[in-house]
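These notes concern the structure reproduced below.
FYI, it's all coordinate maths here, none of it is from the lab. Given the structure is predicted, the values throughout are model-derived calculations rather than measurements. Cβ sites come from the backbone with ideal geometry, for glycine too, and all protein chains shown count toward neighbours.
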Amino acid sequence: MSRGILLFLALLAAVLIPLVLGGNETWSRLQSFPLSGLLIMFGMILLCWVVNTMRLRLLLGDQRDKVSRLKSLGVVMAAEFAYCATPGGSGGPLTIMALLARNGVRPARGSAVFAMDQLSDLLFFLCALSGILIYALFQHLSQRMEWLLMVSAVSLFGGLVSCVVVARYHRLLIRLGGRLLARLNVKTTTRLRWARKLLHFLAAFTDTLKLPVQTLAKVFALTCVHWLLRYSVLYLALRGLGADLQWAWSFLIQMLSLGAGQFSLLPGGAGAAELTSAALLAPMVGKSTAAAAILIWRAVTYYFYLVVGGPVFLLMLGRPLLKKLMKFKQA
């Protein structure tokens, strides 16, 4: 199936799922939402882009002079578009590496910057979840809330353990990977080329880890600001609709919904994220309110990225790379 058609079907499902859930009351709920609240949310996303631009430039270290501030902002916006438009977000890291390479940053350094960015995200979610777990100890939780916390904790700590294992035994994993590729009859020259690229990445990632402690602390602080802003959108949508749901639970719902979207391998998790969030949110605030909140949340944190980031992507990379990213999974 064409990736363009898949994206269209995913977007269609993303819109239809909340509409079917909320029924006729959804539109009236949306009309009652204050315009000022919506503008504040869009402003928060614009601020997220600025924050991520600052984070990118910090991670580039001595390479930041090769990429101007305006181009850095373009890299962030184009990467967010690619993340939302490709299966499983696979286009995001490729876009970052391609754009940085066009400005003289080696692909290994670009991939190391992306990996460090992801590691910073993982640390934030671990800290946030730990805080929520401590908060939950003093609350009377339903079985649904306990289940949400358990799934979130297992997922995040599993991710952290995986990162530690890969870092600790990367040489063994490289050797095992080489043997597996040999059994698959991959050419020796190809295996060596991939091994060199991987070693270059590891060297670049090590250099990134050696950035000054103050720089890494700033990166983590900006990471916290970004995710606190982005994960407050659903909470503000619910408050604007008159629902009373604590921020911690809206955070968990978003984390699980977007995680389900990632595993679905649909573009931007469209459809899967809506279905998961609807199943978790509807019992708490009602179907019509949940449907309206989901539509507002995804309009701000997903459709807005596509509409605004698409032109930036085309301007910076052009249609050839867009077609390549859309066919990435097929290859």
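A compact table of results
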| read-out | value |
| --- | --- |
| Flagged links, alpha-carbon separation over 31 Å, of Lys66/Lys187; Lys71/Lys210; Lys66/Lys218; Lys66/Lys210 | Lys66/Lys187 |
| Computed lengthening from Lys218 to Phe138, 0.36 nm per intervening residue step minus Cα-Cα distance | 25.6 nm |
| Nearest-20 debye value, the chain charge dipole, Cβ charges on Lys, Arg, Asp, Glu | 1840 |
| Centroid-to-centroid separation of the stretch 230-255 and the stretch 35-83 [C-alpha atoms, Å] | 23 |
| Sites Leu35 and Lys187, calculated FRET efficiency, Cβ-Cβ separation with R0 45 Å, nearest 0.05 | 0.15 |
| Computed Rg/Rh of the chain, alpha carbon atoms with Kirkwood Rh | 0.98 |
| Tensor-based shape of the stretch 224-290 (alpha-carbon gyration tensor, a/c under 1.5 rounded, otherwise prolate or oblate) | oblate |
| The chain - percent relative contact order, Cα under 8 Å, separation 6 or more | 37 |
| Residue-averaged 222 nm ellipticity for the chain, from DSSP H runs of 4+ at -39500 (n - 2.57), nearest 500 | -26500 deg cm²/dmol |
| Kirkwood estimate for the stretch 1-113, i.e. one over the average of 1/r between Cα atoms, Å | 16.6 |
| For the stretch 9-50, convex hull volume per residue from C-alpha positions, Å³ | 80 |
| Rg and Dmax [Cα atoms of the stretch 79-126; Å; Rg one decimal, Dmax integer] | 11.3, 34 |
| Nearest 10 degrees, 0 to 90: helix 272-285 Cα axis against the chain principal axis | 30 |
